[in-house]
Amino acid sequence: MASEATSTKAGEKRSSPPAPADLSRPSAGQPPAKRVRENKFDPTVLPPSSNADEILKQVEFYFSDANLPRDKFLWTLTQSDPKKEGWVSIKQIASFKRMQRFQPLESIVESLRKSKELLEVSEDGTSVRRKIPLVKPSSEEFEELNNRTVYAVTLFRLNPF
């Protein structure tokens, strides 16, 4: 659509703005651009590690009372097949974004074997589960858990660099 010229008080010519349809899709015919997320923490930039304490801390968090009922994917893995009795493949857990830096897989298995209270590793070292199965909380218990949960975010940066 060609833009039309309009006159102003001083007799100057200026072009009118494009039609609203043109403003709504400036890159018509192209795929939408991905929205850039400004995450402060990107686990993919951390160096590879085999630190047993870090590995155990992360996996115990995944299977914790506070996280497991909220993590739909991991909850489904633990509950999907009653024959599995809550066992989850360690390879699958190692594929999680925050776990990808922990290598080799054998160090993850050995680290998980050190869990004293929460986790147990299968004899063949391929799967992990909670020692005491977690029963999904009732809606009232889940609401109480939500009321006791704090979600913290950074509202501003003190140092922009």
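Is region 100-161 rounded, prolate or oblate when judged by the Cα gyration tensor, a ≥ b ≥ c being the square roots of its eigenvalues, rounded requiring a/c under 1.5 and prolate requiring a/b larger than b/c? Oblate.
A DSSP coil position with no more than 11 other Cβ atoms inside 10 Å describes none of the chymotrypsin sites (Phe, Trp or Tyr not before Pro) in region 59-116. Within region 43-132, all pairs of alpha-carbon atoms sorted by distance into 10 Å bins from zero give the percentages 17, 55, 26, 2. Per-residue Cβ neighbour counts within 10 Å put LEU56, LEU68, LEU46 in the sequence LEU46, LEU68, LEU56, beginning with the fewest. Karplus-based coupling profile of region 93-103, in residue order and whole Hz: 5, 5, 7, 4, 3, 6, 9, 5, 7, 8, 9, with θ = phi - 60° in 6.51 cos²θ - 1.76 cosθ + 1.60 and x standing for Gly or Pro. Couplings 3J(HN,Hα) for region 58-71, derived from phi with the Karplus relation 6.51 cos²θ - 1.76 cosθ + 1.60 (θ = phi - 60°), are 5, 6, 5, 5, 3, 9, 6, 4, 6, 9, 4, x, 8, 8 Hz, where x marks Gly and Pro.
A short reminder: the numbers here are calculations on the coordinates, not readings from a lab. Note that the coordinates shown come from a computational prediction; the quantities given were computed from them, not determined experimentally. Cβ coordinates were reconstructed from backbone atoms using ideal geometry, including for glycine residues, and neighbour counts include every protein chain displayed.
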